[in-house]
1. Filtering the stretch 62-103 down to residues that are on the phi < 0 side of the Ramachandran plot, out of contact with any helix residue (DSSP H, G or I) (no Cβ under 7 Å at 6 or more places or on another chain) and outside any helix (DSSP H, G or I), which residue is modelled with the lowest pLDDT?
2. Name every residue in the stretch 56-67 that is in contact with a Lys or Arg (Cβ under 8 Å, 6 or more places away or on another chain) and surrounded by fewer than 16 Cβ atoms within 10 Å (Cβ to Cβ), in order of residue number.
3. Conditions: (1) surrounded by fewer than 17 Cβ atoms within 10 Å (Cβ to Cβ); (2) under 26 Å from the mean Cα position of the chain (by Cα). S76 meets all but one. Number of the miss?
4. Being of a type outside the set (A, V, I, L, M, F, W, C), modelled with pLDDT of 80 or more and part of a helix (DSSP H, G or I), is that true of even one residue in the stretch 215-226?
5. Take the stretch 119-153 and flag every residue that is part of a loop (DSSP other than H, G, I, E, B) and at pLDDT below 85.
6. Just to verify a result, which residue in the stretch 44-55, among those that are surrounded by fewer than 19 Cβ atoms within 10 Å (Cβ to Cβ) and out of contact with any Ser or Thr (no Cβ under 9 Å at 6 or more places or on another chain), is farthest from Y227 (Cα to Cα)?
7. Would the stretch 104-112 turn up any residue that is assigned to a helix (DSSP H, G or I), of a type in the set (G, A, S), at pLDDT 85 or above and closer than 24 Å to R200 by Cα?
Amino acid sequence: MAKIKNSKKKGLFLSIETIGVIIIITAIAAVVVAGIAHLFKMYKVYQVSRDVAQYSEAVSQFKMTYGYLPGDLPLSKLNGPLANTFLMTDMGTCNGGLSLGYINRSAGITIAFRELYISKLISSAINTTASVPGITSGCSSTYSLTALVTDLYAPVASWDSNLAWVLSSEVPAVTYDGVIGTTVLAPYWGFNRPRLTLVRHSGSTGTGPVPSIGSQLLGALSPTIAYYVDIKLDDGIPSDVGSNVIGQGVSGALSKCTSIASTITTIANTTLVNTLKYQSSSDDSGSNGCIMTFGINAE
């Protein structure tokens, strides 16, 4: 009888011990999984930062070398390697080959990337063996962003082929990139301030580099990743006076990028837009997250 009782006590002790070990292992596993997830997020932040650095440096080097922003070099100055037959044809159609003082419309963006590629300033594969289909005298194209990317007229993000980089320096207009709010960018960045925008091109329809179509989810980064990128490269605020990084959500209730943190303020007699903050969201798919725009200093 005593042996049976001792056996029961021993079995109970082993059960409690086993449960304790399981709890400890589960806790350790949870910490490890969370740590790995965080490392993946930080690696994506690194990849975004690396792409931004590459294109920003390329634009600055081009401006230093030629005195113009890529995509804005007049046709008459396309000499040497830049005297590419297809590039010159498109430049002739686009605004008559004249410089406008800013990178203009979708065709201008493709010209910009081709000039950077021909100048060996970027490593992304860019199509220099054909003209952009449907190019117009206004420097636009009938091609959608997805079509431009598919035919290699604009580069994809190095870590995700569903995302594309758009280079421009024109103050936004509704017909151009309406999903990037004019109230955020226009007051802070002038016509000649080049900007690099990361957007989801996959499945987009319509024309223009960043088409705004209803509730279409064009977000590139989740608010979590967007915040880490912003805090690494700028101030961690989606938009503010002096910001070099802008995080903008797709319009509509589906957007999970930003939320209002405070009311409208006035500084030096200038009324500012609402101060925003990145949403705290567990949704890291990105499609209903943030379109990211990075200012480039290319003096």
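The values are calculated or read from the model by the stated rules, or taken from the named source; none is laboratory data. This one's a predicted model, so the numbers in the text were calculated from it and none came from an experiment. All Cβ positions, glycine included, derive from the backbone under ideal geometry; neighbour counts span all protein chains shown.
1. Y102
2. none
3. S76 satisfies every listed condition except (2).
4. Yes; the residues of the stretch 215-226 include at least one that is of a type outside the set (A, V, I, L, M, F, W, C), modelled with pLDDT of 80 or more and part of a helix (DSSP H, G or I).
5. Selection gives G134, T136, S137, G138, C139, S140, T142, Y143.
6. A53
7. yes
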